[in-house]
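> Quick one: the structure is below, and I'll ask about it shortly.
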Amino acid sequence: MKKLMKLVLVAIVIAGVSAFTISKKQVREGYKVGDVATDFKLPNIDGKMVSLSNFKDAKGFIITFTCNTCPYAVAYEDRIEALNKKYASQGYPVIAIMPNNVEVKPGDSMDAMKARAQEKGFTFPYLMDTNQKIYPQYGATKTPHIYILEKTKGGNIVKYIGAIDDNYQDATKVKTKYVENAVDALLKGKDIEIKETKAIGCSIKV
Amino acid sequence: MVVLLVVLFISCKGETKQGSPALERDSNVVTKELEVYDFEGLEKFLTKEDHKTYVVNFWATWCAPCVKELPYFEKLHQAYGAKQVEVVLVSLDFPNQYEKRLKPFIVEHKLQSKVVVLNDVDSNAWIPKVSAEWSGAIPATLIYNKSKRQFYEQSFNYDELKNEVDKFLK
């Protein structure tokens, strides 16, 4: 009995300590593969509000948390545009969301987003997570950070979380195109082989 | 394209050389080449089993919160060197920034801690080897010694950093 009490005490202490350390860290909650993702209503660079429910014909979405100011995000700009060109017509449009606090990163302001989109000829919506309420629900921690959603009767289900591919430095040297493979599998009704990947990115600025 | 890159590279080198004479007296860093590793090469800095405590910080010159916290790691390096604490700053700058940005940054900020560079594009393969907890965002820091290991995907101020390191010295 004493032993049990000791164990319980130890467990309480550990729980207390870990609760403390977790609270100090950045938001680590968020979606796992299989979860239903929330819709949102966020301002686009064209001044309109955009929600996933606006895309009646979509089969799903390539949600891309990205920004102007992170070198990793910039390295992927052309590839994000290429994803939209390839998959929007097949029912999987790219929806880009800029999650940073623009007071910390003025280079990610709505005006800067507009300018960058024009310069690069983005054809996808480039939204701002104005109140920084959406990215924590998804569990995005960095830019770029991708969530592929599949539209079902039960909502938009998270099917893939992570990186676009395995070479941020050189698009011509990519060996595995994680996002393309995942969307291709969804379009064919097959299982996604790699459902989650890790990549370096810039922490989202709060 | 390759020619363009070569030209760019050479012109960058030229720039650094012009700037170097005035800088050479500051520290020995300038004359040294950067230590660039792939993950296999970097692993030795993450797995030492001697009597020291290692504070390994992942950063880049373009990462504002990383640059902000660098002085605290430098201060720790100064204050805790005698306590057998070693700071290793792992730069994730892109290769095309080594000459024009990273080297001048090291010199300008007179970095005294050991700086190494990680150049390994297959991050999905190596991020989990640093820590299963790491989503990949920087700044991030690993503190370890032969009996304890903890990973932090967060920014530090000096007191926070010192408090964490103290836990490893008990």
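The values are calculated or read from the model by the stated rules, or taken from the named source; none is laboratory data. Not measured: the values here are computed from a predicted model. Note that each Cβ is placed from the backbone with ideal geometry, even for glycine, and that neighbours are counted across all protein chains shown.
> Out of A:F61, A:F65, which single residue is aromatic (F, W, Y), surrounded by 18 or more Cβ atoms within 10 Å (Cβ to Cβ) and under 25 Å from B:Q97 (Cβ atoms)?
Result: A:F65 is the single residue among A:F61, A:F65 that is aromatic (F, W, Y), surrounded by 18 or more Cβ atoms within 10 Å (Cβ to Cβ) and under 25 Å from B:Q97 (Cβ atoms).
> Enumerate the strands (runs of 3 or more DSSP E) found wholly within region A:121-189, keeping only those where 2 or more residues are farther than 25 Å from A:K48 by Cα, within 14 Å of chain B (Cβ to nearest Cβ) and in contact with a Phe, Trp or Tyr (Cβ under 9 Å, 6 or more places away or on another chain).
A:155-162
> Which of the residues belonging to region B:67-96 are surrounded by 19 or more Cβ atoms within 10 Å (Cβ to Cβ), within 12 Å of chain A (Cβ to nearest Cβ) and part of a helix (DSSP H, G or I)?
Within region B:67-96, just B:E69 meets the criteria.
> Another question, then. Give B:Y152, B:Y158, B:Y144 a once-over and let me know the one that is surrounded by fewer than 19 Cβ atoms within 10 Å (Cβ to Cβ), closer than 16 Å to B:V87 by Cβ, modelled with pLDDT of 95 or more and of a type in the set (S, T, Y).
B:Y158
> Then there's this: Could you list, ordered by first residue, the pairs with Cβ atoms under 9 Å in which the first is in region B:125-144 and within 10 Å of chain A (Cβ to nearest Cβ) and the second is among the small types (G, A, S) and surrounded by fewer than 22 Cβ atoms within 10 Å (Cβ to Cβ), at least 6 apart or interchain?
Between residues of region B:125-144 that are within 10 Å of chain A (Cβ to nearest Cβ) and residues that are among the small types (G, A, S) and surrounded by fewer than 22 Cβ atoms within 10 Å (Cβ to Cβ), the close pairs are B:S135/A:G139; B:P139/B:S155; B:A140/B:S131.
> Could you list all residues from region A:82-126 that are within 15 Å of the chain's Cα centre (by Cα), within 17 Å of A:P43 (Cβ to Cβ) and among the aromatic types (F, W, Y)?
A:F124, A:Y126, listed by residue number.
> Within region A:193-206, count every residue that is touching a residue at least 40 places away in the same chain (Cβ under 8 Å), part of a loop (DSSP other than H, G, I, E, B) and not basic (K, R).
Qualifying residue count for the region: 4.
> Taking region A:45-89, which residues are farther than 15 Å from A:P99 by Cβ and among the polar types (S, T, N, Q)?
Within region A:45-89, A:S51, A:S53, A:N54, A:N84, A:S89 qualify.
> Taking B:N163 as meeting all but one of (1) surrounded by fewer than 20 Cβ atoms within 10 Å (Cβ to Cβ); (2) within 12 Å of chain A (Cβ to nearest Cβ); (3) under 15 Å from the mean Cα position of the chain (by Cα), write down the number of the exception.
B:N163 satisfies all of (1) surrounded by fewer than 20 Cβ atoms within 10 Å (Cβ to Cβ); (2) within 12 Å of chain A (Cβ to nearest Cβ); (3) under 15 Å from the mean Cα position of the chain (by Cα) except (3).
> Are there any pairs, at least 6 apart or on different chains, whose C-beta atoms fall under 7 Å, with the first in region A:67-79 and touching a residue at least 60 places away in the same chain (Cβ under 8 Å) and the second of a type in the set (F, W, Y), and if so, which?
A:P71/B:W62; A:P71/B:F94; A:Y72/A:Y168; A:A75/A:Y168; A:Y76/A:Y168
> Something else: Among the residues of region B:2-24, is there at least one that is within 14 Å of another protein chain (Cβ to nearest Cβ) and at pLDDT 95 or above?
no
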